[in-house]
Amino acid sequence: MLFRQTIRVQRSTRLLLQARSLRSFPRADVGAGRGKASLTGIDFESGTAPAVAPRHSRPLGPDSRRTTFQRHRRDGGRPPAFTLVEMIIVIGLVTVLSLVLGRLLLSGVDAFNYATARKQALRQARIALSSISRELRQVKDSSSITEATSTSITFTNVDDEQVTIEFRNGRILRNSVPVARNVTAFQLHFYDQDGNELSLPISDPSVVRAVKIVLHVSVEGREIALETEVRPRNL
């Protein structure tokens, strides 16, 4: 008799612990007189309990978790989407940003091309000025200059070679050999020993003591002027 009561107490304790693990359960009904008690439908004599799911528990299984897409479904079962107005606004913003960025990119490319062309043109112009200056310094004496105009000069150098430097068809020539190309303008200014500019045409080239060279080159539609002044050593 004592052994049977001990088994019943153990079963009852185990079933009570199972009942407490549930989140909610109906009101406990305790029967008297027959030795039975019913707590959430639990039969303490037989030790069986019906499988009752908690009232507020979340169902277990692969579909137990709701995704963000399912929580925000709209009426009619359609997923959330952009409206026509929102799409037009986005397209407009993307178009404006593309135009601005494209303009900046093209400006950068144009600046780079201009800088490269300017560097090459200036390099060629400096080489031409240096070559002409070196030739003018080699004038033999004051009587060696035979012709002097705004675009040409003819003289005899220290090697007794007759040299003609002239501007023709966008090129600077030394004895018909090109020294510089893509030149837009070339001018020669002549000065006497007092630094006064001589008027052209010069009737007496022997009074020339200094020559100023002015050279213009075109870079991307812009003109750049370079000039230098040469005083022949033997004048």
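At a glance:
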item	result
Over the range 117-230, equivalent-ellipsoid semi-axes from the Cα gyration tensor in Å	25, 15, 12
Cβ-based net charge around Asn234, under 12 Å, with every Lys or Arg adding one and every Asp or Glu removing one	+4
Segment Ala117-Asp141, extension gain: residue separation times 0.36 nm, minus the distance between their alpha carbons	4.7 nm
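Just so you know, all these numbers are worked out from the coordinates, no wet-lab data involved. All values reported here derive from a predicted model rather than from experimental measurement. Methodologically, a virtual Cβ is constructed for each residue, glycine included, from the backbone with ideal geometry; neighbour enumeration extends over all protein chains shown.
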